[in-house]
Amino acid sequence: FALYSSKGGLGTTSIATNLSHALAKGHRESRVAIADLVVTDGDVRVFLNLKPAYDLGDLVKKLDRVDAELLYSLMTPYREGIWALPGPDNPEHDDLLDGSTISTIVDQLRSRFAFTVLDCEHHMSERTLAAMDLADRILLVTQLNVPSLRSTQRTLAICRRLGYANDKTCVLINRFQSGEVLSLADATDVLKCEVFWKLPNDYRASAGALMKGIPVAEFDPTCKLAWSYSQLAAKLSGVGEPARNGAHRASVRSLRAFLGRTKKA
């Protein structure tokens, strides 16, 4: 599952970490990976209060000889069967992490873990497109306001141009509350697609969990937001993978060609 929003501040990393936790709780016999693909500014380590010995940059250096043992040794184990791969803090790794490298890393993760959650950068970089291309589901995070919906509208247009199937892109409304100026019907009309899921607005639970560096369900397992994450995880894991034979898997060359034609979305 690749989580993406072209605007920062919409809660993408929070959703990625809490979705990982919900998937792990719902599938206790399985391992769940969360990878932070945001170079130098990734916050997965903050949301899970991690003190990693290694990060994505260390994996890149050893990618030519990676196996299961090496992969696990470079990831940071968390509770509930979650294994995290934090983003690199060193900006020098930016040049090493191209689309081809990200594709190799994602393939390694999906072969070792039952579920992999990718926290993507907030722009259509080559890395982002590689992650989205390999994902079974792309969760487009937005909110019920004009700037967020317009941004999501542009992202959906790019996904359609790339040939992604309609059921691969899933619109997720974050911080939903009744009485908003814009409604779910307005969002559906603007985006020309159904809203896949909505997460309720719960500042107390979200802020409290972040302060402690734990998932919402550990901070307050009885709150509506924790329940919503568990239901989202159940829906995503229960739907099953889309047919991969007909799925679009763009090559790095085509991704670079696309990046040459489009600006950041």
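Which residue pairs have Cβ atoms under 9 Å apart, sit 6 or more places apart or on different chains, and have a first residue in the range 19-42 that is assigned to a helix (DSSP H, G or I) and a second that is at pLDDT 95 or above and of a type in the set (K, R)? As it stands, the answer is A24/R31, since those pairs meet every condition given.
Scanning the range 170-203 for residues that are without any contact (Cβ under 8 Å) to a residue 24 or more places away in the chain and assigned to a loop (DSSP other than H, G, I, E, B), we see that the one that is most open to solvent (accessible area, probe 1.4 Å) is E194.
Selection of first residues in the range 150-169 that are within 12 Å of V190 (Cβ to Cβ) and of second residues that are in a helix (DSSP H, G or I) and not small (G, A, S), restricted to Cβ pairs under 9 Å at least 6 apart or on distinct chains, gives the following pairs, ordered by first then second residue: R150/V190; T152/V190; T152/L191; Q153/V190; Q153/L191; L156/L191.
Please determine whether any residue of the range 1-18 is touching a His at 6+ places or on another chain (Cβ under 7 Å), among the polar types (S, T, N, Q), modelled with pLDDT of 95 or more and within 21 Å of E126 (Cβ to Cβ). Looking for residues that are touching a His at 6+ places or on another chain (Cβ under 7 Å), among the polar types (S, T, N, Q), modelled with pLDDT of 95 or more and within 21 Å of E126 (Cβ to Cβ), one finds at least one in the range 1-18, hence yes. Taking the listed residues T104, T116, the one that is modelled with pLDDT of 95 or more and closer than 30 Å to N166 by Cα is T116, with no other qualifying. For D36, the conditions (1) closer than 26 Å to E218 by Cβ; (2) open to solvent by 20 Å² or more (accessible area, probe 1.4 Å) are fulfilled apart from (2). Listed by position, the strands (runs of 3 or more DSSP E) enclosed by the range 67-127 that each have at least 2 residues that are of a type in the set (S, T, Y) are 76-78. Among the residues of the range 43-55, some residue qualifies, meaning at least one is of a type outside the set (K, R), in contact (Cβ under 8 Å) with a residue 60 or more places away in the chain, part of a helix (DSSP H, G or I) and surrounded by fewer than 19 Cβ atoms within 10 Å (Cβ to Cβ). Six or more apart or on different chains, Cβ under 7 Å: which pairs go from a residue in the range 62-74 that's on the phi > 0 side of the Ramachandran plot to one that's of a type in the set (G, A, S) and in a loop (DSSP other than H, G, I, E, B)? Could you list them? Listed pairs, sorted by first residue: none to list.
Within the range 227-241, at least one residue is modelled with pLDDT of 85 or more, within 30 Å of T101 (Cα to Cα) and either among the polar types (S, T, N, Q) or not in a helix (DSSP H, G or I) (or both). With the condition kept exactly as written, say whether any residue in the range 71-81 is modelled with pLDDT of 90 or more and buried (at least 22 other Cβ atoms within 10 Å of the Cβ). Within the range 71-81, one or more residues are modelled with pLDDT of 90 or more and buried (at least 22 other Cβ atoms within 10 Å of the Cβ).
Just one residue in the set T40, T13 is of a type in the set (V, I, T) and at positive phi; that residue is T40. Taking the range 196-227 as the range and being within 22 Å of T169 (Cα to Cα) and under 17 Å from the mean Cα position of the chain (by Cα) as the test, the residues that pass are F196, W197, K198, L199.
Could you please give the count of residues in the range 128-146 that are of a type in the set (V, I, T) and open to solvent by 10 Å² or more (accessible area, probe 1.4 Å)? Number satisfying all stated conditions: 1.
Quick check, is Y78 aromatic (F, W, Y), over 30 Å from T152 (Cα atoms) and touching a helix residue (DSSP H, G or I) at 6+ places or on another chain (Cβ under 8 Å)? Judged against the criteria, Y78 is not a match.
The values are calculated or read from the model by the stated rules, or taken from the named source; none is laboratory data. Quick caveat: nothing in here was measured; it's all calculated off a predicted structure. Cβ atoms come from the backbone with ideal geometry, glycine included; neighbour counts cover every protein chain shown. For the accessible areas, the whole protein counts, side chains as well, though only heavy atoms, and no ligand, DNA or RNA atoms are used. Shrake-Rupley method; radii C 1.70, N 1.55, O 1.52, S 1.80 Å.
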